[in-house]
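The values are calculated or read from the model by the stated rules, or taken from the named source; none is laboratory data. Because the structure is predicted, anything quoted here is derived from the model rather than measured. Glycine gets a Cβ as well: all are built from the backbone with ideal geometry, and neighbour counts include every protein chain shown. The protein model used for the area step is the full one, side chains on, heavy atoms only, and it has no ligands, DNA or RNA in it. Shrake-Rupley method; radii C 1.70, N 1.55, O 1.52, S 1.80 Å.
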Amino acid sequence: MRILFVNPCIRPDNPRKVFPVGLGYVVTAVKKAGYKFDLLDIDAFRYSDDYIEDFISKNIYDVIAFGCLVTHFKWAKYFTDIVKEKQPNCKIIVGNSVASSVTEILLTKTFTDIAVLGEGDITIVELLESLQKDKSLYLVKGIAFMEGGKVIFTEKRDVIKDINTIQFIDREIFDIREYLNASRYNAHEPYPMPEEDLIVMNVNTARGCPFRCTFCYNVFTDESIRYRWRDISSIISEIKYLIKTYGANYIQLYDELTFANKKRIGEFVDSVIKEKLNIYWTGVILAGVLDEDDGLLAEKLKQSGCVGMGFSLESADEEILLSMQKKINLSKFIITRRILKEANIATHTSVVFGFPQETPETIKKTIDFCIKEQLSPSAGFLLPMPKTPIYKYALERGLIKDEYEYLLGLGDRQDFHINLTSMTDDIYISTVKSEVKRCQQELGINLDDPMKTVKFRSRDKI
């Protein structure tokens with residue numbers, strides 16, 4: 001059975017090449033199970049559409065598998081169209097949030113044969129075995145497919161409860177040098193060393209999220225087990241391997257949430273210091289975890305090599321935060337930021353504009369907060385995602401009239417797609433852009449497009 005895995009390129013004009021952790025885990029599991037396969041890494045090599053179409057024409061496979069975010073549904077349709085045109089007998093498997101959140105639309109409006117729902121590490125191996133041995137797809141948990149003109153969902157697959165049992169990613173499956181050569185673009189300012197000396201690698205420490213923000217969808221979340229984390233010893237072992245094998249000197253802990261409590265922070269920094277890893281690193285913290293008495297813990301964070309910590313603000317308006325179900329207290333956000341800043345650790349945050357309650361005044365309120373706190377946030381327009389409460393809100397009010405057409409038009413959150421506010425489109429867009437630009441100018445940042453912040457996420461000095 002000839003198998004091809006594909007890593008799409010979502011932003012071909014962006015110099016950043018982020019190593020695909022999700023796909024990495026999937027192909028590592030497939031390799032461990034003994035399957036041979038090819039990899040078409042579009043993101044690493046920035047292949048053109050012509051190259052992709054020529055490759056699919058000349059290389060015949062029994063199975064082609066890929067995954068992407070639901071925001072790139074249009075690419076999923078384009079690619080499945082090409083595959084079925086060139087290879088009508090090939091089985092197309094699709095995963096990630098485009099498969100889990102719009103399963104029926106994906107299966108009925110594209111040439112996808114099988115959708116992998118949720119976590120794919122185990123599912124993909126069982127699915128390949130089923131296809132190879134011509135077994136019934138009904139026996140594979142966690143998938144969906146078409147039969148007799150209907151979408152069939154098999155029994156739900158439980159998430160992997162202990163993610164410490166998952167093998168480290170075999171990065172040699174990929175052309176890792178392509179990612180290493182471009183890795184410096186993944187670091188945010190301010191840099192702890194000359195940019196050209198940075199060797200940045202990402203490590204996943206947890207899956208899922210303990211919260212339920214009304215605008216966010218997470219494919220790794222299960223109702224019974226919302227948040228799973230790796231043992232600190234496992235994380236340290238992987239980091240040591242990346243240092244020894246690739247010379248990594250800057251580690252991005254690549255999670256929805258890395259540190260949900262002080263105990264885990266303490267265990268991690270103590271281990272990094274004890275093992276003398278001599279790295280710089282960034283992670284994601286829960287705003288409010290650090291309080292007034294945590295100055296010493298913040299100093300240990302700095303001692304361990306922490307140069308940046310991310311935690312989302314999203315809005316400075318209390319009513320909007322409540323609507324988001326964002327478990328954030330602005331005063332605690334300020335304290336957490338101050339404690340980190342005093343330890344000379346940069347902070348990165350994001351904001352989203354466009355909840356139904358949004359007005360020019362609330363937009364200005366959020367930007368005023370950012371200016372006061374000297375934050376240059378990653379800013380975006382609200383983008384209702386399928387299977388979220390805010391998406392349901394937009395459907396019920398007729399703001400999304402045709403889901404298929406809506407999905408085809410999706411893209412980055414930095415670009416305007418839909419308006420849920422009472423403002424006109426012009427006022428909404430111009431107010432957001434002008435206010436974000438005002439914030440950047442106050443912090444000495446000058447960008448052609450204020451919404452495309454790229455690496456400018458802080459003016460903190462380290």
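Excluding Val102 itself, calculate the net charge of residues whose Cβ lies under 10 Å from the Cβ of Val102, where each Lys or Arg counts +1 and each Asp or Glu counts -1. Show your work: numbers first, answer last.
Working: positive: Lys109, Lys387; negative: Glu104, Glu403.
Taking every Cβ under 10 Å from that of Val102, the sum is 0.
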Using a 1.4 Å probe on heavy atoms of the protein chains only, the accessible area for His348 in Å², nearest 10, reads 20 Å²
Share of accessible surface on carbon and sulfur in the stretch 187-253, whole %, 1.4 Å probe and ligands ignored, is 54 percent
Volume per residue (Å³) of the convex hull spanned by the alpha carbons of the stretch 361-440 is 103 Å³
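Suppose the chain between Val151 and Gln303 were pulled fully straight at 0.36 nm per residue; how much longer would it get relative to their current alpha carbon spacing? Don't skip to the end; give the middle numbers.
On the way: separation 152, 0.36 × 152 = 54.72 nm, distance 5.39 nm.
Gain on extension, Val151 to Gln303, equals 49.3 nm.
In whole percent, what relative contact order does the chain give with Cα contacts below 8 Å and a gap of six or more residues? If you can, show how the numbers build up before the last one.
Working: 805 pairs, mean separation 61.9, N = 462.
The normalised contact order for the chain reaches 13 percent.
Considering only DSSP beta bridges where both residues belong to the chain, give the percentage that are antiparallel (nearest 5).
Working: 10 of 45 bridges.
Taking every DSSP beta bridge with both residues in the chain, the antiparallel ones total about 20 percent.
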Under the 7 Å Cα-to-Cβ spin-label approximation, Asp158 and Asp170 lie apart by a distance in nanometres of 2.8 nm
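What's the FRET efficiency of Leu139 with Ser48 using the Cβ-Cβ distance as r and R₀ = 60 Å, to the nearest 0.05? Could you put the intermediate results ahead of the total?
On the way: r = 40 Å, r/R0 = 0.66.
The calculated FRET efficiency here is 0.90.
Can you give the calculated 222 nm mean residue ellipticity of the chain, where each DSSP H run of n ≥ 4 adds -39,500 (n - 2.57) and the sum is split over every residue, rounded to the nearest 500 deg cm²/dmol?
Numbers: 17 runs with 172 residues, N = 462.
Helix-only estimate at 222 nm: -11000 deg cm²/dmol.
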Averaged per residue, the 1.4 Å probe accessible area of the chain, protein heavy atoms only, in Å², is roughly 44 Å²
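Ordering Glu403, Glu299 from largest to smallest accessible area (1.4 angstrom probe), what's the sequence? Each step should come with its number before you reach the end.
Values: Glu403 70, Glu299 110 Å².
Of Glu403, Glu299, the descending order of accessible area is Glu299, Glu403.
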Accessible-area order for Met385, Met146, largest to smallest, probe 1.4 angstrom, reads Met146, Met385
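Would you mind calculating the relative contact order of the stretch 85-176 from Cα pairs under 8 angstrom and at least 6 residues apart, reporting the percent as a whole number? Mind dumping the intermediate values first?
Numbers: 104 pairs, mean separation 19.4, N = 92.
It comes to 21 percent, rounded to a whole number.
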Sorted by chain and number, the residues with a modelled amide H under 5 Å from that of His348, at a separation of 5 or more or across chains, are Met309, Gly310, Phe311
Measure of exposure for Lys74: accessible area at 1.4 Å probe, Å² rounded to 10, is 130 Å²
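For a test of the definition: using alpha carbon positions, the gyration tensor, and the 1.5 limit on a/c, classify the stretch 314-399 as rounded, prolate or oblate. Mind showing how you got there, number by number?
Working: a/c = 2.43, a/b = 2.10, b/c = 1.16.
Taking the square roots of the gyration eigenvalues as a ≥ b ≥ c, the stretch 314-399 is prolate.
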Note: probe point = Cα of Thr359 + 7 Å toward Cβ; backbone nitrogen < 17 Å; residues of the stretch 314-336 passing the test are 316-323
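By its C-alpha gyration tensor, with a ≥ b ≥ c as the square roots of the eigenvalues, how is the chain shaped: rounded for a/c under 1.5, else prolate for a/b larger than b/c, else oblate?
Working: a/c = 1.71, a/b = 1.26, b/c = 1.35.
Since a/c reaches 1.5 but b/c is at least a/b, the shape of the chain is classed as oblate.
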Sorted by number, the cysteines in the chain with no other cysteine beta-carbon under 4.7 Å are Cys9, Cys68, Cys90, Cys209, Cys306, Cys370, Cys439
Using a 1.4 Å probe on heavy atoms of the protein chains only, the accessible area for Lys302 in Å², nearest 10, reads 60 Å²
So, with points 7 Å from each Cα along the Cβ direction, the Leu296-Asn59 label distance in nm works out to 5.7 nm
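Can you tell me how the stretch 32-115 classifies by the Cα gyration tensor, rounded, prolate or oblate, using a/c under 1.5 as the rounded cut? Mind showing how you got there, number by number?
Details: a/c = 1.37, a/b = 1.25, b/c = 1.09.
The shape class here is rounded.
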Relative contact order in percent for the stretch 1-123 (Cα pairs under 8 Å, 6+ apart) equals 27 percent
By accessible area (1.4 Å), largest first, Arg228, Arg397 order as Arg397, Arg228
